[in-house]
Amino acid sequence: MLARIAHELYWLGRNLARAEFTARAVEAVFQAELQAASDRAPGVSFGSEGLLAMLGDPEAQEARRDAMLGNLTLDARRPGSMLASVERAHEEARTVRDVISVEMWEAINTTVLGLRGGEQLGWTAPSGPHLAAQYVRQRMALIWGVAGRTMLRDEAKCFLDAGGLIEVSDMVLRMLRVAMPPAGSTPSDGHALILLRAVGGFHAYLRAVTAPPNAQPVARFLLFERAYPDSVAACVDSLHDVFSSADASPRNSKPVLRVSRLAADLDFQRRALPDGAELAEICERTQHELARIDLDVAERYFAGAAPAHALQGR
Amino acid sequence: MHFAIRYLTEYVYGGSVTDNLNALRVRPATTTSQRCDEFHTRIDPEARVSRYLDYFGTEVLEFGVPTEHERLTIDVRARVTTSDPPDPPEGTWEDLQAEGYLDAAGEFALSWQDQPRIEGLGELEDALRKESPLEAVALLCELIPDRFEYRPGVTYVGSSVSDLLLAGAGVCQDFVHLSLVLLRRHGIAARYVSGYLWAAPQDGGADSMEVDTHAWLEALLPGEGEGAEPVWVGVDPTNRRFAGETHVKVGHGRFYADVPPVKGLYMGHAASQLTAAVTMSRLDPQASARA
Amino acid sequence: MSSPSIAAEVSTYRPKAPFLDELFELDGTPRPVAEPLVRELRRLGVEGLEAAGARRDAVFLQQGITFETSGESGSSHERPFPLDLVPRVLSGQEWREIKQGLAQRIRALNHFVDDVYHAREIVREGLVPWRLVAGCRQFARAVHGIRAPGGVYTHVAGCDLVRHSDGTWKVIEDNVRVPSGISYVLENRAAMARVVPELFAAYRVRPVDHYPQLLLGAMRAVAPSAESEATVVVWTPGPANGAYFEHAFLARQMGVELVEASDLVVRDDVLYMRTTRGLERVHAVYRRLDDDFSDPLEFRPDSLLGVPGLVRAYRAGSVAIANALGTGVADDKAIYCFVPEMIRFYLGEEPILENVKTYLMHDPEVLEHVLARLDQLVVKPTGESGGRGVMIGPHAGEAEIARMRLRLQAEPERWIAQDLVRLSTVPTVDEDGRLVPRHVDLRPFAVFGERIDIVPGGLTRVALEEGSMIVNSSRGGGSKDTWVLEDGDDADRAGPPVADTLPPALPDLRYGGWTGQQQQQQQVLF
């Protein structure tokens, strides 16, 4: 397929996933910040500041917290807002309208219209972020479901999925990096429910892990638990699958090899790391590695669609 | 008297059942007038039996058969030595109010089965207003069998006192339940006793016979004179007498459901058929010298 | 949104003397703790509250948090759980006192349960009459002599508190069998945060959503398991039970199996559940049904909801049951009178929370006294719960009082009488959207494992009818979110510092295309 189309699909996937995870995070912060800290000292911190840091926008400081949440919801000029991500996805979907299914196009189109009309629905009111976030989560589940049922499982779908997977793992890692307690603190006496709420893995965690939801086991779960689809390890595994089937010669494909190495690396760390080991560094390294994969992907498949200096870090 | 008791119970199921859990209250108690010398149980299919003393001090044997089976045999053997208790004391009605009496009576003076109050007992209740609690108890032994016919099959294990009143007939269990209600209404503490009865004719004709598990009661009679301890006295209203060396006690409770000989449950839809037999044999030398 | 008439509406709210109103002084000025709340309520106005009410109903309907009500035609329909949008606010100081008082009380009740099934010291000391204990319907002879794993019997307790017009908190009832309502505490809070977030703006409200983790922790702490991770289950009578929603809620929140009797089996004194991989051992059961139905071998033989042999496993110490079997003896209404004595006897402390003055009528003189004052007293059956059979003297008709007199004379020991408590009021939105004073009580939820934890606040139940003091949800009561405020200054409002290494900015779509080479080509000269 055309490199340009593959590129658009890849970013369509990324932006859809980004909108969804921004919604989840906004909703979690919205709920948590209304109330005081729990009885037990929280081992993780994830509030407005964390949210901004997670979205890579730590300087943006709104005077009021509810204004900030509102802007992250419906302010199209703000690159990290839900609406902005959905608008970008909409643009990309328009470009690849002939490749994606009619149903999927309509689902995306409806979503952007819904968010644009959010003001009339009262989503600018104090309780708005919650309602808008709920809407976005539901629409994204619908869009991915429609894609799964109506699109051919071909190269196009692979690049769409790849974008979604890489964005999900990136968002999860961002959140962990922001929220994990700094080294040296006692990570066992907090509970990290908010992290699980922010990525939607609350009940999955409770069913899969017997340890109480403290920072450490939650971070391990989000990093390593293969059975949970939104964990980093599961995303990387799936990423390997989609690139392997999309690549003409996966055996000497740089991105495939790199993903494969990262998957093995994560699996090794899951088994080798003792309980309570420092995870911040692993998060950072993994995220860095994902950024490299992103570059390799652009280089191999998108025919130089990205300039070589795009890899940035702070 | 010396007895050998064999209590053989067999359940045959109409199909295979599993998780057959049972609790047995069959071991003769050791009291001031009775001693259990030997006691064995055998369960088929084989099962681990655990024992504990329940709230009322009765030894309970518990076992469970988890695997599939179509029949269950419970074979219990015991040897026991009994003697006649001393004569019952003749305390007064006033003594029933003494603190020592109330303490000893405890929950056995509470009207367990008489809630709500059973109608139509007024005349029987009045008849028991005798000179002393002992006389009331003695009269009860005559009154109940006079008024009610002993007839198996009219009532079942779950029957209430009202069922007995309605049918005019019942078995030992029903007689005891009615007696308990009447005695407690008079403030006499009374408890249900489960056990075995050597029901051979007094001349000692047989030395081995088929009997049934039996029920009688114990009434708490106030002691004679200042500071005398009240005494639990065995009373058998079915057989018009006080309990003696022919009565082998297993345990007591507020009513039947506190001391059922066998209580069990199994999983499966099959119906069960029960055959139970109690065989008592006298081991005393004078009895074995057959006439 | 706020119009003058609406602002006036909130300011015309007047508490009803002689009752204490928790948000307003008698003259209608808001109490200091309520000022920010009243300001926000004013801003919302009648219309805002109405709109929020509609959102609340939608949230509850969507989540299936509903009550079955049967209409007059006999048709039953679902209505959303009645949550009033005006929260009840308790200061941190107030809450500490309640919390300490409850912890003390629950500790004493736990001692009592242990004592009556073992040494009976409190009876031998002559402080509690044995006849009352033995005569109690919930006294479970089947568990006599069994010591619960970890020595904990009352793992979950929900004592009902009321606030008298003099401001003191009193315990009106102890619930240490299967107290229900905690799911509503959590769902109410979640709904409030979604529907009226602006009300929270000026407060630091202590959260409640860690309750399931507390419960799970307590269950694990008492579970007799050698391995580090005990298997815990929630045992429900089944979907037909009125509180099934709560059972499922707790199981989901704790991440444990929700089992019914048919899932459980006892083999060789060990409790197992049937799984697709065969039998799996269960170490701790949070049961949501009464003793009577728990084990047909030991309690009601006709119970189809029970697990035969459960008591055996419990006696063998292989399983922890919460609450322990037989705890009902401690929340019997006749035993209630002796709780202050228990606190003194077992703990050597003075009770922090008061009882309501209660009359036990096995004493003929007390009975006489009660019969003379029936129109002023509240009469309750012992051994019942949920407000069943209660007669409130001042609200009862002559015929009802006469009937009660006959019943008391016939069976004085089955009843207790209590002084009428003047329940405090909290402003509540009525059907027309106006704020009106309505009576409330409070059921805080405590969890006893290694220690006693009490979730800040609890379920505030509110009598929705004017003047009514019957708050039971089964009898038309509603509920309120209960806010316990955090003490201290605002310094701890700012969250902990964000981690020092921050993730990079979000990558963006890097559009391809030609970039002009601005740099001039230069010759390199040597």
Decide, for segment C:207-300, between rounded, prolate and oblate: order the square roots of the alpha carbon gyration tensor eigenvalues as a ≥ b ≥ c, take rounded if a/c falls under 1.5, and otherwise choose prolate if a/b is larger than b/c, else oblate. oblate
Using 0.36 nm per residue of separation minus the Cα-Cα distance, give me the extension gain between B:GLN273 and B:TYR150 in nm, one decimal. 41.8 nm
Under the rule a/c < 1.5 gives rounded, and otherwise a/b versus b/c splits prolate from oblate, where does segment B:12-104 land using the Cα gyration tensor? prolate
GNM of chain A, Cα pairs under 10 angstrom: of A:VAL146, A:VAL218, A:VAL259, the biggest fluctuation goes to A:VAL146
Run the quick spin-label model on A:ALA227 and C:ASP363: label points 7 Å from Cα toward the beta carbon, then report their separation in nm to one decimal. 6.1
Can you compute the modelled spin-label distance between C:GLU25 and B:ALA167, with each label point 7 Å from Cα toward Cβ, in nm? 7.6
Per-residue [θ]222 nm for chain A (sum of -39500 (n - 2.57) over DSSP H runs n ≥ 4, rounded to 500): -21500 deg cm²/dmol
Asserting the computed 222 nm helical MRE of chain C (DSSP H runs at least 4 long, -39500 (n - 2.57) per run, divided by residue count, to nearest 500) equals -8500 deg cm²/dmol
Is there a quick way to get the dipole size of chain B? I mean about its Cα centre, with the Cβ of Lys and Arg at +1 and of Asp and Glu at -1; what is the value in debye to the nearest 20? 900
Please give the residues of segment C:90-129, grouped as numeric ranges, whose backbone N is less than 16 Å from a label point set 7 Å along the Cα-to-Cβ vector of C:VAL33. C:90-102
Would you tell me the mean number of C-beta atoms belonging to other protein chains that fall within 10 Å of each C-beta in A:124-131, as a whole number? 5
Total formal charge among the other residues, if their Cβ is under 14 angstrom from that of C:TYR346, Lys/Arg +1 and Asp/Glu -1: -2
Past 25 Å, Cα to Cα, is the threshold; run B:LYS263/C:LYS380; C:LYS357/C:LYS480; C:LYS16/C:LYS99; C:LYS170/C:LYS333 against it and keep the listed order. B:LYS263/C:LYS380; C:LYS357/C:LYS480; C:LYS16/C:LYS99
Which angle from 0 to 90°, rounded to the nearest 10, does the C-alpha axis of helix C:398-410 make with the longest principal axis of chain C? 60
With a ≥ b ≥ c from the Cα gyration tensor eigenvalues, square-rooted, and the rule rounded for a/c under 1.5, otherwise prolate when a/b > b/c and oblate otherwise, the protein assembly as shown is prolate
Based on the Cβ-Cβ distance of B:GLU99 and B:ARG71, what FRET efficiency does E = 1/(1 + (r/R0)^6) give at R0 = 45 Å, to the nearest 0.05? 0.25
Within segment C:179-260: Cβ-based charge dipole about Cα centre, in debye rounded to nearest 20 (Lys, Arg +1; Asp, Glu -1): 360
Can you tell me the dipole magnitude for segment C:250-341 around its Cα centre, using point charges on the Cβ only (Lys, Arg +1; Asp, Glu -1), in Debye to the nearest 20? 380
Total charge of the residues flanking A:GLY200 in space, meaning their Cβ is under 11 Å from its Cβ, with Lys and Arg +1 and Asp and Glu -1, is 0
Summarise the partner chain shielding of C:203-210 as one whole number: the mean count of Cβ atoms from other chains within 10 Å of each residue's Cβ. 5
Principal-axis tilt of helix B:172-185 within chain B, Cα atoms, nearest 10 degrees: 30
Using helices alone, I'd like the mean residue ellipticity at 222 nm for chain B: each DSSP H run of four-plus residues gives -39500 (n - 2.57), total over residue count, nearest 500. -5000 deg cm²/dmol
Residue farthest toward the positive end of the dipole of segment C:350-452, with Cβ of Lys/Arg at +1 and Asp/Glu at -1: which of C:LEU408, C:THR382, C:ALA372? C:THR382
Paramagnetic label zone (point 7 Å from Cα along Cα-to-C-beta, C:ALA201; backbone N under 18 Å) in segment A:100-136: A:122-131
Folded to 0 to 90 degrees: helix C:182-195 orientation relative to chain C principal axis, Cα: 30
Report the local net charge at C:ARG414: Lys and Arg +1, Asp and Glu -1, summed over other residues whose C-beta lies under 15 Å from its C-beta. +3
If chain B were replaced by its equivalent ellipsoid, with semi-axes equal to the square roots of 5 times the Cα gyration tensor eigenvalues, what would those be, largest first, whole Å? 33, 23, 19
Exposure proxy check on C:ILE106, A:ILE108, C:ILE65: fewest-to-most Cβ neighbours within 10 Å is C:ILE65, C:ILE106, A:ILE108
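Where a number appears in this text, it was derived from the coordinates with a stated rule and is not lab data. Being a predicted model, the structure only gives us computed values, none of them experimental. Neighbour counts run over all protein chains shown; Cβ positions are idealised from the backbone, glycine included.
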